[in-house]
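Asker: Sharing a structure below in structure tokens format, with a few things to ask.
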Amino acid sequence: MAIDRILKDDAFEEKGDRARMSTFVGAIAITDLINTTLGPKGMDKILQSTGRGYNVTVTNDGATIMKSLQIDNPAAKVIIGIL
């Protein structure tokens with residue numbers, strides 16, 4: 001099939017209801033993460049790096065939090081790209 005030659009070895013294809021549900025789950029996860037940082041009672045988040053070095057950041061800025069995320073969900077990537 002042509003699709004087998006386009007996708008990487010570890011990639012997979014979702015169709016129909018599974019693809020729709022995956023989109024909703026990604027969008028809801030991002031909004032749940034950022035929702036607690038909004039408003040006058042917004043909470044800070046602690047961001048810890050996973051690479052070399054021990055880098056810790058405390059912030060309540062939604063754009064900073066979202067840009068530090070490693071996302072593989074297409075809908076979540078679109079939401080992050082809007083910022």
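Asker: Filter the stretch 50-78 down to residues that are touching a Ser or Thr at 6+ places or on another chain (Cβ under 6 Å) and not in a helix (DSSP H, G or I) and give me whichever is nearest to A27 (Cα to Cα).
Answerer: Step by step, filter the stretch 50-78, then rank; the result is N60.
Asker: Something else now. Is it the case that some residue within the stretch 18-41 is more than 22 Å from I82 (Cβ to Cβ), out of contact with any Gly (no Cβ under 9 Å at 6 or more places or on another chain) and surrounded by 10 or more Cβ atoms within 10 Å (Cβ to Cβ)?
Answerer: Step one: list which residues in the stretch 18-41 are more than 22 Å from I82 (Cβ to Cβ), which gives 18, 40-41.
Imposing the further condition that a residue be out of contact with any Gly (no Cβ under 9 Å at 6 or more places or on another chain) reduces the set to 18, 40-41.
Cutting the leftovers down to surrounded by 10 or more Cβ atoms within 10 Å (Cβ to Cβ) gives us 18.
Yes: the stretch 18-41 contains one or more residues that are more than 22 Å from I82 (Cβ to Cβ), out of contact with any Gly (no Cβ under 9 Å at 6 or more places or on another chain) and surrounded by 10 or more Cβ atoms within 10 Å (Cβ to Cβ).
Asker: Out of G81, G39, report the one residue that is at pLDDT below 85, part of a loop (DSSP other than H, G, I, E, B) and small (G, A, S). Don't jump to the end; show me each part of the working.
Answerer: On the way: G81 fails: part of a loop (DSSP other than H, G, I, E, B).
Within the list G81, G39, the selection yields G39.
The values are calculated or read from the model by the stated rules, or taken from the named source; none is laboratory data. Here the structure is a predicted model, which means the values were calculated and not measured. Here Cβ is always computed from backbone atoms with ideal geometry, including for glycine, and neighbour counts include all displayed protein chains.
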